[in-house]
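These notes are about the structure you will find just below.
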Amino acid sequence: MADTAHRTPRALDLKYQPGFTSVAMLCFFVLYAPIAVLVFFSFNANRSVTRWTEFSLDWYVRALANEGIQNAAVTSLEVAVFATVFATSIATAAALATTRVARYRGMTAAYTVINMPLMVPEIVTAVATLSFFALLRTTLGINFGLGNVMIAHTVFCIPFAYLPIRARLENMDLTLEQAAADLYATPWRTFRRVTLPLLVPGVIAGAMLAFIISLDDVIITMMVAGPGQTTLPIYILGQIRRGVTPEVNAVSTILLAVSILFVTLFFLLGRRRT
Amino acid sequence: MTKVFGGGTDVVRALDGVSLGIQENEFFTLLGPSGCGKTTLLRLIAGFEQPSGGEILLDGASLTHLPPFRRPVNTVFQSYALFPHMTVIDNIAFGLEMRGLSKTETADHVAEMLDLVKLSDLGKRKPGQLSGGQQQRVALARALANHPRVLLLDEPLSALDLKLRKEMQIELKRIHRDTGITFIFVTHDQGEALTMSDRIAVMNAGHVLQVGSPTEIYEHPTSHFVADFIGETNFLEGEVVARDGASAKVRLSSGVERQASAPKDAAAAGRVSLAIRPERVTLSQSRQTGALNGRVETMVYFGTDTNYHLRLEDGRAFMVRLQNHEGAQAPFATGDEVAVEIADHALQVLRD
């Protein structure tokens, strides 16, 4: 095997340190046991989320038939799709502008500014966004309704979409684009025929990350959304206030399944190398 | 041409006043150690870099301010830079398609190119499914498909193993002959440069030190660097006693006077450096007054030749290469006292 020489010697390998396995298992337990319990009780025939009686899919049937949940799911999807499309497009442009240009003054600053929202506490962004839309409404009389939520989601999804796209661009050999230019391709055709096709896995990864982030958001949505603009997480939060039923577990489990699906795709596409 | 990278105190003069004229249909090589500016010069011709000063002319028309996609030159990259998401055929067709050739014309050209580089069976493969040598051929075909006025080759053979490299050297010469395109070839391998080129420009530290045919460069290096970089060389000190055009009479420290070749701009009188190739001298048994006398320190057998490493009387090292003859005993042994015999015109006066 070619990689034998690079393998860490056993004495230095963290895996063989005493207690490694137990600590790892404890971490996994703390992370996933609550989720496992939630999924488990979504199949409970009883009304209780702590006492198991027997297996049933009733709560899923109920959840899917619930008009409130249906509406919330549609709203969530509308917002997430809008945010994904726009955030990914903007992030792709930003990634190109910070990797496919000669170094310019302020490039590092641009990179920092793009990623800053990841570091700002979400509640700050939420309050700021709320104030911004309030200002728009009171001074200019502009209110986009659900559009407000969509715009807010687009904005906070940009850095999440940006990171995998930029990573992909940085790993891409610049001489490929030079070769295209050498073979009479104009900058636009170089982008269309060489850069973009090779960038696709990064763009898809960025889009899926943006989609999940938008789908899961609570804090900013809660501040910005008006009446009747309930997304799925907001709906679940509202239900819990009236006591947890296995119906909430069922909706949460569906949301979880969607997330896992996307994370898996994200992982697989990230691994695919050209 | 001048190319300066960086600014302020952190300036690198990658090319410093380089001026070259390359003939049509020539196999022209830029030879030099890494960092000498040869690749920068190639990138300036391709249009990937902009010169800080100077001009690039093709048939009298300036290319200097054209973007790479408007220049009638194509490049074979050191890393090949094949498009990994396209098949061999699509790679070769790329330039033709960008220039707006019809589908049938493109297909004809691609087939012709696949034939030229002997890859007709592999057209449907992706670059990742090809060996290094095959990728190299695709890169060559892709660049040649457009019949460029000038083909730029950036160390194209450096990633291949020795045997394949030798094969590709012959292939490249054949393709150069068959296509009649001007080749500008960049390499740091002096052997490759000597065997393949019509003319060579030897570069160091952003300057072109000498331009000439492989024979000129090897037989008549004009500077210390060129003499040292290409082949093996002994350096001696001497004094110019008479000068006549391209030749000069020099007196060696031992007092012997010999005719030597001299570059036009070398010193007309006074002390000079001299270069002499190890195979251009002979050895004779025992010391002689007035000759370069020394003792054999080491012998290295090469099959066709034997190298004798001498220590001269003045303490300098000197190497002599003698051809081996069938069945003959080596004429000298370690520890022998010998005299180095230098014929007229074997010595080369250096500029520096």
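You can think of it this way: the chain between B:A159 and B:T2 has 53.6 nm of extra reach, that is 0.36 nm per residue less the Cα-Cα gap. Across the stretch B:87-100, rounded Karplus estimates of 3J(HN,Hα) from the backbone phi angles (6.51 cos²θ - 1.76 cosθ + 1.60, θ = phi - 60°) give 6, 4, 4, 5, 4, 5, 6, 3, x, 5, 5, 5, 7, x Hz, Gly and Pro being marked x. Where does the protein assembly as shown land on Rg(C-alpha)/(2.2 N^0.38 Å)? Dividing the Cα Rg of the protein assembly as shown by 2.2 N^0.38 Å gives 1.43. Taking a spot 7 Å from the Cα of B:R125 along the direction of its beta carbon, which residues of the stretch B:156-190 have an amide N less than 17 Å from it? From the stretch B:156-190, the list is B:160-161, B:164-165, B:168. Suppose R0 equals 51 Å; then what is the FRET efficiency for A:D13 and B:V300 from their Cβ-Cβ distance, rounded to the nearest 0.05? In this case the efficiency is close to 0.60.
Magnitude of the charge dipole for the stretch A:64-271, about its Cα centre and with charges confined to Cβ atoms of Lys, Arg (+1) and Asp, Glu (-1), is about 440 debye.
Solvent-free Debye calculation, one equal scatterer per alpha-carbon of the stretch B:43-116: log10 I(q)/I(0) at 0.17 Å⁻¹ equals -0.79. Residues whose amide H comes within less than 5 Å of that of B:K3, counting only those at least five positions distant or on another chain, are B:A14, B:L15, B:D16, B:G17, B:S52 (H built at 1.01 Å from N in the peptide plane).
Please report the base-10 log of the normalised intensity I(q)/I(0) for chain B, using a Debye sum with one equal scatterer per alpha carbon and no solvent, at each q in 0.11, 0.13 (1/Å). Listed by q, the Debye log ratios stand at -0.85, -1.03. Considering only A:V74, A:Q229, A:V124, and ranking their Cα positions along the charge dipole of the stretch A:64-271 that arises from unit charges at the beta-carbon of Lys, Arg, Asp and Glu, the one farthest toward the positive end is A:V124.
Report the paramagnetic label zone for A:L265: residues of the stretch A:76-116 whose backbone N is under 12 Å from a point 7 Å from Cα along the Cα-to-Cβ axis. Those under the cut-off are A:81.
Other protein chain C-beta atoms within 10 Å of residue C-beta, averaged over A:183-196: 5. Sorted on the mean count of surrounding Cβ atoms within 10 Å across their residues, most packed first, peptides A:66-75, B:215-224 read B:215-224, A:66-75.
Once you put a point 7 Å from the Cα of B:T215 and another 7 Å from the Cα of B:D189, both along the Cβ direction, what distance in nm separates them? Between B:T215 and B:D189, the simple spin-label model gives 2.5 nm.
Summary value for chain B: 16 percent relative contact order, contacts being C-alpha pairs under 8 angstrom separated by 6+ residues. The stretch B:114-138 and the stretch A:148-179 have Cα centres spaced 34 Å apart.
The H on the amide N of B:L283, modeled in the peptide plane, is under 5 Å from the matching H of B:E341, each at least 5 residues off or on a different chain. Under the convention that each Lys and Arg Cβ holds +1 and each Asp and Glu Cβ holds -1, the size of the dipole of the protein assembly as shown around its Cα centre is about 1820 debye. Using only the alpha-carbon atoms, how far is helix B:103-116 inclined from the longest principal axis of chain B? Give it as 0 to 90 degrees, nearest 10. The angle comes out at about 30 degrees.
Considering only B:L63, B:F48, B:G21, the residue lying farthest towards the positive end of the dipole of the stretch B:1-147 is B:F48, judged by Cα position with unit charges set on Cβ. Shielding by partners for peptide B:88-97, expressed as the average number of C-beta atoms from other protein chains within 10 Å of each residue's C-beta, is 3. In loop segments of the stretch A:99-188 as defined by DSSP, the chymotrypsin sites (Phe, Trp or Tyr not before Pro) with at most 11 further C-beta atoms inside 10 Å of their C-beta are A:Y104.
On the beta carbon distance between A:L136 and A:V85, with R0 = 30 Å, the FRET formula returns roughly 0.85. Ranked by how many other Cβ atoms sit within 10 Å of their own Cβ, fewest first, the residues A:I123, B:I89 fall in the order A:I123, B:I89.
Of the peptides A:9-15, A:134-140, the ranking by mean beta-carbon count within 10 Å, highest at the top, reads A:134-140, A:9-15. Here the relative contact order of chain A, from alpha carbon pairs under 8 Å that lie six or more residues apart, stands at 29 percent.
Counting only other chain Cβ atoms within 10 Å of each residue's Cβ, the peptide B:77-83 averages 5. Across the stretch A:20-69, Cα pairs under 8 Å and at least six residues apart give a relative contact order of 22 percent. Amide hydrogen proximity for B:F27: with H placed 1.01 Å from N in the peptide plane, the residues at 5 or more positions away or on another chain lying under 5 Å are B:F183, B:D198, B:R199. The distance from the alpha carbon centre of the stretch B:28-88 to that of the stretch B:271-349 is 44 Å, rounded to a whole number. With a Förster radius of 25 Å applied to the C-beta separation of B:V256 and B:H309, the computed FRET efficiency comes to 0.70. Can you pull the percent of Cα pairs in the stretch B:177-283 with separation above 16 Å? Counting every Cα pair in the stretch B:177-283, those more than 16 Å apart make up 63 percent. Under 15 Å from a label point set 7 Å out along the Cα-to-Cβ vector of B:E105, the amide N atoms of the stretch B:134-178 belong to B:145-148.
Coupling constants for the stretch B:41-58 follow from the phi torsions by the Karplus curve (6.51 cos²θ - 1.76 cosθ + 1.60, θ = phi - 60°), and in residue order they are 4, 5, 5, 5, 5, 6, x, 7, 10, 9, x, 7, x, x, 9, 10, 10, 10 Hz; glycine and proline get x.
Sorted largest first, the principal axis extents computed over the alpha-carbon atoms of chain A equal 69, 67, 31 Å.
How large is log10 of I(q)/I(0) for the stretch A:1-139 at q = 0.11, 0.14, 0.17 Å⁻¹ when the intensity is taken from the Debye formula with one equal scatterer per alpha-carbon? For the stretch A:1-139 at q = 0.11, 0.14, 0.17 Å⁻¹, log10 I(q)/I(0) is -0.98, -1.09, -1.09.
Between the residues B:G35, B:I92, B:M1, the greatest Cα displacement towards the positive end of the dipole of the stretch B:1-134, with unit charges on the Cβ of Lys, Arg, Asp and Glu, is found for B:G35.
Listed by chain and number, the lysines whose alpha-carbon sits under 29 Å from that of B:K126, ignoring those within fewer than 8 places in the same chain, are B:K103, B:K118, B:K163, B:K166, B:K173.
Size of the stretch A:64-114 from its Cα atoms: along the principal axes, largest to smallest, the extents are 56, 16, 11 Å.
Taken together, the values in this text are just the output of simple stated rules run on the coordinates, not laboratory data. Given the structure is predicted, the values throughout are model-derived calculations rather than measurements. FYI the Cβ positions are ideal-geometry reconstructions off the backbone, even for glycines, and counts take in every protein chain you see.
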